[in-house]
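Any read-out appearing in this document is the output of simple, stated calculations on the displayed coordinates, not a laboratory observation. As the structure is a computational prediction, the values presented were derived from the model and not from experiment. So basically every Cβ, Gly included, is an ideal-geometry build from the backbone, and we count neighbours across all protein chains shown.
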Amino acid sequence: MRDHPAARHPDLLVGTETSDDAGVYRLASGQAIVQTVDFFTPVVDDPYDWGRITAANALSDIYAMGAVPLTALQLLGWPRDVIPWSVASEVIGGGLDVMGQAGCVVVGGHSIDDPEPKYGFAVTGLVDPVAVVTNAGAEPGDALVLTKPLGIGIITTAIKRGLCPDPVREAAVASMVQLNDRAAAGLPVGGVHAATDVTGFGLLGHLHEMLRAAGVSAEIVGDAVPVLDGARELLEAGCWAGGSGRNLEAVAPFVDGEAPGDTVRLLADAQTSGGLLMAAADPVAVTSRIRSAGGDAWVIGRIVDRPGTRILVV
């Protein structure tokens, strides 16, 4: 897309150049629309939960840019001759419930016959152009703030293998269906210079995109990173997804330090509907605002001025 004229326009404020969470296009009214799309195959067994997780995940890109969700279109791939339509109805019901919780109007969608079920949304939000938060503004001295625990990829792999204890599964689902609107409450305060949501590329992958966009480096304190209960034990039991392994291979050339291998693997774990990662000048103000909105937040490291967009894990 890089050199195609269809991907360039004077009113396209955020495009594909920095691998940001969503596109931002300025309207004649002075406002801007934020657009994103996301869909995936089931990550849990319960169809209603899958729908809820899918919707929360799709909305995260809107929240990460500092926008308010407005409308959404559904995307459904369904093996119509294999799985009953009644199951698809449960999936859609979960997605609509979470979209309704977010105040986002689902205006329709499109479905196809597909041998593997897939579900997702294209979401449009509104934002004041001066309030847009991208992944490209991190500055040396900023604290790194994370708003959800890691370990989702490990736990969903354990679910697929029938190895996940019920309490661990329930906690993971509760995390995935939690909207990032509470986390986004911290964006207007505390000098948040950059933000992104942590999803398929894992914490290290999304952090590296942030560092590359700003030309800076980072330090992560491994023990400060929150992890869902049970995830470490399931990792030790071999619940490690192929996508997470590819994440680790991709970021390994940029990661330094002598942290234990399990810590680095957790940081590369592919998340579904993960939290927001912010680079903030005043982490106390940001974390306080998020917690007052009913969310969680942890300071896990800092941005440093070092060449090579390196990530030091200590």
Task: Rg and Dmax of region 226-314, Cα atoms only, in Å - done: 15.0, 39
TODO: Could you tell me, in Å, what Rg and Dmax come out for the Cα atoms of region 166-247?
DONE: 15.0, 43
Task: Shape call, the chain: gyration tensor on alpha carbons, a/c limit 1.5 - done: oblate
TODO: Divide the volume of the convex hull of the Cα atoms of region 1-77 by its number of residues and quote the answer in cubic angstrom per residue.
DONE: 125
Task: Normalised contact order of the chain, rounded percent, pairs of Cα under 8 Å and 6 or more residues apart - done: 24
Open item on the list: Taking every DSSP beta bridge with both residues inside region 143-313, roughly what % is antiparallel (nearest 5)?
Closed with: 75
- [ ] For region 1-159, build the charge dipole from Cβ charges (+1 Lys, Arg; -1 Asp, Glu) around the Cα centre, then report which of GLY30, ILE62, ALA143 sits farthest towards its positive end.
- [x] GLY30
Task: For region 13-135, fraction of C-alpha pairs farther apart than 25 Å, in % - done: 27
Task: Reduced Cα scattering model of region 143-313, Debye log10 I(q)/I(0), q = 0.08, 0.11, 0.16 Å⁻¹ - done: -0.22, -0.42, -0.89
- [ ] With only alpha-carbon atoms counted, please give the Rg and Dmax of region 84-191, in Å.
- [x] 18.0, 54
